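Reading through the structure tokens given below for one structure.
Read-outs: derived from the displayed coordinates by stated rules, not from any lab. Given the structure is predicted, the values throughout are model-derived calculations rather than measurements. A quick note on method: Cβ atoms are made from the backbone with ideal geometry, for glycine too, and the neighbour counts reach across all protein chains shown.
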Amino acid sequence: MSRPKVLLLGKIDHAHDAWSTIADIADVIKPKSTNRADFIAECQSGALDGISVAYRTFDSVSITGKIDSELLDALPKTLKFMCHNGAGYDQIDVQACTAHNVHVSNTPTAVDAATADVTIWLLIGALRNLPIGIHALRAGKWRGSPPPALGHDPEGKILGILGMGGIGRNVAAKARAFGMRIRYHNRSRLSPELEEGAEYVDFETLLRESDVLSLNLPLNPSTRHSIAAPQFALMKPGIVIVNTARGAVMDEAALVDALASGQVSSVGLDVYENEPEIHPGLLANPSVLLVPHMGTWTQETQQKMEEWTIDNVRIAVKEGKLKSIVPEQKALEA
Ligand SMILES: O=CC(=O)O
């Protein structure tokens with residue numbers, strides 16, 4: 001019997017030992033292409049024939065573009081599993097994968113702590129007006145003139161969490177240590193054990209009553225621009241917003257307007273609508289805290305994420321199933 005074939009889209013940077021175990025059970029194929037048009041042609045040439053499992057990284061979107069119907073039509077019909085290294089899988093059209101009988105996995109839990117850590121860092125930084133001070137100091141002006149407005153303590157403030165999955169719950173646990181009062185909104189209410197005292201509220205109440213809003217929901221067609229002009233208008237004037245989910249869950253242009261009007265006093269952002277481009281209105285605003293998508297940027301977490309994804313590849317090759325199929329496809333597992 002011929003050996004299974006695994007397609008590697010992107011590279012393994014950390015979990016080399018785990019990846020070497022895949023070579024024991026399958027032939028690993030790497031594409032030669034560096035852009036989507038060439039990749040589709042490479043698929044059509046038959047060079048990838050026989051692959052049953054793909055491992056993909058976030059950055060491999062530069063090779064393939066979005067994993068959508070067009071790409072799935074070009075990929076060999078033998079492909080049954082798409083193992084994504086990352087929690088957010090908005091680069092993959094899951095509906096198209098389901099229609100092509102391709103099962104998709106992501107890396108839930110592996111990213112939770114690191115992403116929540118950056119969320120808290122952004123939250124405190126934005127709440128305390130640190131970006132203005134940092135900016136002034138780097139310009140040789142100490143605190144600047146006038147100095148930054150006084151910030152606010154997290155203690156006693158209402159933190160609204162939109163999306164109470166693994167990351168949202170980790171943010172809640174850490175924010176409690178700062179004395180914040182946690183409210184959340186989610187598609188469905190969590191069990192009391194998972195809530196750990198967080199109060200479930202409707203979306204509008206979350207917007208109206210939060211002092212700080214943390215966006216921790218996945219990006220998909222129904223969550224795109226969940227926060228746009230009408231939602232900013234409902235918020236408490238002077239709210240602080242933190243986004244470590246995906247840029248497009250918020251309308252970036254509307255955010256720039258809400259910052260300009262003072263409706264939003266500051267934001268801490270790790271993600272942007274059109275990465276790596278950043279809205280000029282954000283770059284020009286000294287009171288916003290911006291980092292370049294570094295939520296999971298730690299040795300330990302990157303290693304965990306790769307190992308988790310490799311586990312999915314291994315189980316797919318050996319058992320024809322996944323360790324962590326995405327929620328939209330859970331029913332396919334039965
Ligand atoms: O952005 C990071 C991830 O989706 O894991």
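Might you report the magnitude of the Cβ-based charge dipole of the stretch 106-197 about its Cα centre, with Lys and Arg at +1 and Asp and Glu at -1, to the nearest 20 debye?
Dipole magnitude for the stretch 106-197 comes out near 360 debye.
Only Cα pairs under 8 Å and 6+ residues apart enter the sum, and on that basis the relative contact order of the chain stands at 19 percent. Among R314, R189, R56, sorting on how many other beta-carbon atoms sit within 10 Å of each Cβ, with the fewest leading, yields R189, R314, R56. For M164, neighbours were defined as the other residues whose beta-carbon sits under 15 Å from its Cβ, and their charges (Lys and Arg +1, Asp and Glu -1) total +1. Is the chain rounded, prolate or oblate when judged by the Cα gyration tensor, a ≥ b ≥ c being the square roots of its eigenvalues, rounded requiring a/c under 1.5 and prolate requiring a/b larger than b/c? Prolate shape, in that a/c is at least 1.5 and a/b is the bigger ratio. Computed from point charges on the beta carbon alone (+1 for Lys and Arg, -1 for Asp and Glu), the dipole magnitude for the chain about its Cα centre is near 300 Debye. One chain, two ends: A99 and A260. Fully extended at 0.36 nm per residue, the span grows by 53.5 nm beyond their Cα-Cα distance. Each Lys or Arg adds one and each Asp or Glu takes one away; over the other residues whose Cβ falls under 11 Å from the Cβ of T107, this sums to -2. The long axis of helix 299-319 is offset from the longest Cα principal axis of the chain by roughly 30 degrees. With 18 Å as the limit on Cα-Cα distance, the pairs of K304/K330; K66/K321; K11/K304 that go past it are K304/K330; K66/K321.
With the charge dipole of the chain set up from +1 on Lys and Arg Cβ and -1 on Asp and Glu Cβ about the Cα centre, the Cα lying farthest toward the positive end among the listed residues P4, G160, T309 is that of G160. Around the Cα centre of the stretch 112-290, unit charges on the Cβ atoms of Lys, Arg, Asp and Glu (plus for the first two, minus for the last two) sum to a dipole of about 400 debye. Looking at the chain as a GNM with Cα springs under 10 Å, which of V53, V249, V28 has the largest mean-square fluctuation? Per the Cα network of the chain with a 10 Å cutoff, V28 tops the list. Going from the fewest other Cβ atoms within 10 Å to the most, the residues F81, F232 appear in the order F232, F81. Summarising the amide proton neighbourhood of I158: residues at separation of 5 or more, or on other chains, whose placed amide H is nearer than 5 Å comprise R181, D211, V212.
Sort S210, S188, S45 by Cβ crowding within 10 Å, fewest neighbours at the top. Could you put the intermediate results ahead of the total?
Working: S210 25, S188 6, S45 10.
Fewest to most other Cβ atoms nearby, the residues stand as S188, S45, S210.
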